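**Q** Let me begin by handing over the structure; questions about it come next.
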Amino acid sequence: MLQINKTVANGKAVFALEGRLDTVTAPEMESAMQEVLPELTSLTLDFAGLEYISSAGLRVLLAAQKAMNVKGEMRVKNVSKAIMEIFEITGFSDVLTIE
Amino acid sequence: MKENNYSAVTVRLSGRIDSGNAAQTEQLMLEQLKDSDNGSAVILDAEDLAYISSAGLRVVLRLKKSYPDLKIINVNPEVYEILEMTGFTEMMTVEKAYRVVSVEGCEVIGEGFNGKVYRIDKDNVVKTYKNADALAEIQHEREVARLALILGVPTAISYDVVRVGDSYGSVFELLNARSFSKILASEPERFDWCVAEYIKMLKAIHAIEVPAGKLPSIKRKTLTGISRMKDTVPDGLGDKLLAMAEAIPESDHMIHGDYHTKNIVLAGDEVLVIDMDTLSVGHPIFDLVRMYNAYVGYSEYDPDIVLSFQGYGADIARRFWHDSLAAYLHTKDEEKIKAVDEKVRCLSYGCLIDWSIRHTDPDSEKDKATRALWMTRLAEILKRTDSLDFEIPDTQKSDPDELDIEAATENLEKVMDFVNSHLDTVNCPAKARMQLDLAVEEIFVNIARYAYAPEKGNATIKVEVLNDPVTVTITFMDRGVPYDPLKKENPDVTLCAEEREIGGLGIFMTKKVMDDVYYEYRDGQNILTLKKVL
């Protein structure tokens, strides 16, 4: 289960995620982002409510990072200890801008 | 200073015996013994003896030649050390002086059939014995407790024997110990915790193989009781009971013999089992029989009995028995629980009736009514029971459980729920649970996407939880294309976003967060095993 709370204004978006970003929910996240991605210059992902992420979720993050690298910036904030560990294992801690 | 006691003569020694007075002392002793036969037992009471030199020891040796049964009692620690150093403790019976302990006004923390347990200070308890032959009993209990400890049972061993009034007691160090009976009575919210710890300990005891000849067989003892009472059972059912009891397989595994909540204590944060004097070997049913009696059997006619003995009510006791049996059998299947419950009760009623005939007033109306109730229930169950043996769950691990399901990503949640239902049975930290979730997802999704594509097929997932240390093993089996995911090269995790290929990350993470991952192809199946130590 994943809940996505979007706030989009003036080319800036904040996605606050709650729940699990896994094989089942990653497609929802992907389509939610694709809707707004073309018009964005700044994307913030708030992971305060994110409990779990698998490689399917990482795939979505990488695609978003690649897209935003071309035209702006992407930041990830409020990453839990457990998810930070996954980022470190996979080298995503260097790929993403984590606050 | 001489006491004639049957054929034993007691001579009291006092002060110091050294070269200065040895000859004189010998003279005095022989004087006192001159009326007794050479064969009499001579007891030297050393309560007031402060010191003995080698000259004094030679006197004792000469005396021992004439009176081979000589023994020295009430020896103070200094004199005992001399006797031990010189080897006298090996040559003759030497009994130490016992410290005198008063239990007046002390809190009673336990009471069994054989005596009471008092707390004498914050860290120490003394167990007193009613029987006249207390010293032999204490000695026996110390020996079996030591054996149990060496074989791996967490227990307390008494470190001192003391005098308590006219009898003896053994002293145990038990820091802030509280029995499970006390916990159940005062903290009902810890009921499930008590059941889990209680059964964990019981399984650990039953897993221990005891070297031959070290402990008595509990089956033999039970058969003696059943043989005594069998003719009181109507319709020849007593013979059936005895035959079924005889057919219970022999076992050299440890049995506690009196395993109820008063004998399990929480000392600090350690769970200990005490009261080891009934330690035996045998089939686990014999421990279950005594458990049933403690919680249900004795109080089946009068429910107040369990309240006065355990400190909690009959409803809690009955539930504790049921939940403990379920945990022991590792099942929630009420049919299975009931089947074993009835086998246990066959022997329970047999033992209870035998006990009641021998130990209660034959004219008491209440005891008659109690026996009648047990007898009715025994006969009823015996009619439909043909064997007392049952499948003993492996004491080391829980039953492996399998889920056979179509390998499709839509089924991921079902697979997760299945795995998590097993993790719920152990204390799995949140982090390990997330790591296990991650590994299960990655592996199952891989199978779902690639094993049978473009066709469909099933995967079997098996979860096993082993104890000491708690280890979770999850095995995935599929009959798809032979493929070893572990052979896939690890992704380069140092590349920047633009250079990163997404792929292989799932397997890579799985390997990182599990303690062991291995693959084999056998009998047409891909078999991938994950292992995580909690």
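**Q** When Lys and Arg each count +1 and Asp and Glu each count -1, what net charge do the other residues less than 9 Å away from A:LYS77, Cβ to Cβ, add up to?
**A** -1
**Q** Using DSSP to define loop residues, name the trypsin sites (Lys or Arg not before Pro) in region B:7-82 whose beta-carbon has at most 15 other beta-carbon atoms within 10 Å.
**A** Values: sites: B:ARG12, B:ARG16, B:LYS34, B:ARG58, B:ARG62, B:LYS64, B:LYS65, B:LYS71; in loops: B:LYS34.
Of the trypsin sites (Lys or Arg not before Pro), the ones in loops of region B:7-82 whose Cβ has at most 15 other Cβ atoms within 10 Å are B:LYS34.
**Q** Compute the angle between helix B:412-423 and the longest alpha-carbon principal axis of chain B, please, reported from 0 to 90 degrees and rounded to the nearest 10.
**A** 0
**Q** In square nanometres, what is the average projected area of the Cα convex hull of region B:271-400? Walk me through the numbers before you get to the answer.
**A** Details: hull surface 37.9 nm².
Averaged projected area of region B:271-400's Cα convex hull equals 9.5 nm².
**Q** Further question: Taking B:LYS366 as the anchor, which lysines have their alpha carbon closer than 29 Å to its alpha carbon, excluding any fewer than eight residues away along the same chain?
**A** Within reach: B:LYS116, B:LYS130, B:LYS182, B:LYS221, B:LYS230, B:LYS240, B:LYS262, B:LYS338, B:LYS343, B:LYS383.
**Q** Projecting each Cα onto the charge dipole of the protein assembly as shown (Lys/Arg +1, Asp/Glu -1 at the beta carbon, about the Cα centre), which of B:LEU30, B:TYR159, B:VAL463 comes out farthest on the positive side?
**A** The residue sitting most towards the positive pole is B:LEU30.
**Q** Sticking with this one: Among B:TYR295, B:HIS206, B:PHE88, whose Cα projects farthest towards the positive end of the dipole of the protein assembly as shown, with charges put on the beta-carbon of Lys, Arg (+1) and Asp, Glu (-1)?
**A** Final value for the positive-end residue is B:PHE88.
**Q** Taking the number of other C-beta atoms within 10 Å as the exposure measure, put A:LYS6, B:LYS127 in order starting with the fewest.
**A** A:LYS6, B:LYS127
**Q** So, one more: Which value in deg cm²/dmol, rounded to the nearest 500, describes the helix-derived mean residue ellipticity at 222 nm for the protein assembly as shown, given -39,500 (n - 2.57) per DSSP H run of n ≥ 4 and division by the residue count?
**A** That comes out to -12500 deg cm²/dmol.
**Q** Could you work out how far helix A:26-36 tilts from the main Cα principal axis of chain A, as a 0 to 90 degree angle to the nearest 10?
**A** Taking the Cα atoms of chain A, the angle to A:26-36 is about 20 degrees.
**Q** Can you order the peptides B:21-28, B:488-495, B:412-419, B:286-293 by their average number of other Cβ atoms within 10 Å per residue, highest first?
**A** Going from most to least packed, we get B:286-293, B:412-419, B:21-28, B:488-495.
**Q** Next question. By counting other Cβ atoms within 10 Å of each Cβ, how are B:CYS496, B:CYS194 ranked from fewest to most?
**A** Fewest to most other Cβ atoms nearby, the residues stand as B:CYS496, B:CYS194.
**Q** So, in Å, what gap is there between the alpha-carbon centers of region B:202-265 and region B:400-443?
**A** Taking the Cα centre of region B:400-443 as reference, the centre of region B:202-265 is 41 Å away.
**Q** Using a cut-off of 20 Å between alpha-carbon atoms, which lysines can reach B:LYS34, once sequence neighbours fewer than 8 places away in the same chain are excluded?
**A** Reachable lysines: B:LYS2, B:LYS64, B:LYS65, B:LYS71.
**Q** With axes computed from alpha carbons, what is the tilt in degrees of helix B:334-359 against the longest principal axis of chain B, rounded to the nearest 10 within 0 to 90?
**A** 10
**Q** Tell me which GluC sites (Glu not before Pro) from region B:261-370 have a DSSP coil assignment and no more than 10 other beta carbons within 10 Å of their own.
**A** Of the GluC sites (Glu not before Pro), not one in the loops of region B:261-370 has a Cβ with at most 10 other Cβ atoms within 10 Å.
**Q** Positive end of the charge dipole of the protein assembly as shown (Lys, Arg +1 and Asp, Glu -1 on Cβ, about the Cα centre): tell me which of A:GLN34, B:LEU436, B:TYR259 has its Cα farthest that way.
**A** The one lying farthest along the dipole's positive direction is B:TYR259.
**Q** Another question, then. Which whole-Hz ³J(HN,Hα) couplings does region B:62-78 yield from phi under the Karplus relation 6.51 cos²θ - 1.76 cosθ + 1.60, θ = phi - 60°, glycine and proline marked x?
**A** So the J values, rounded to whole Hz, are 4, 5, 5, 5, 7, 10, x, 8, 4, 9, 10, 10, 6, 7, 6, x, 5.
**Q** Distance between the C-alpha centers of region B:339-355 and region B:461-493? Whole Å please.
**A** Centre-to-centre (Cα) distance: 46 Å.
**Q** With Cβ to Cβ distances under 12 Å as the rule, what net charge do the other residues near A:ALA13 carry (K, R +1; D, E -1)? Don't skip to the end; give the middle numbers.
**A** Working: positive: A:LYS6, A:LYS12, A:ARG75; negative: A:GLU35, A:GLU39, A:ASP46, A:GLU73.
So the surrounding residues net to -1.
**Q** Treat every Asp and Glu Cβ in region B:468-530 as -1 and every Lys and Arg Cβ as +1, leave all other atoms uncharged, and give the resulting dipole magnitude about the Cα centre to the nearest 20 debye. Could you put the intermediate results ahead of the total?
**A** On the way: 7 positive and 12 negative charges, 28 e Å.
Dipole magnitude for region B:468-530 comes out near 140 debye.
**Q** Other chains near A:84-93: what is the mean number of their Cβ atoms within 10 Å of each residue's Cβ?
**A** Partner-chain Cβ atoms within 10 Å, mean over residues of A:84-93: 4.
Laboratory data are not the source of any read-out in this text; all were calculated from the coordinates shown. Source: prediction; values computed, not measured. Cβ sites come from the backbone with ideal geometry, for glycine too, and all protein chains shown count toward neighbours.
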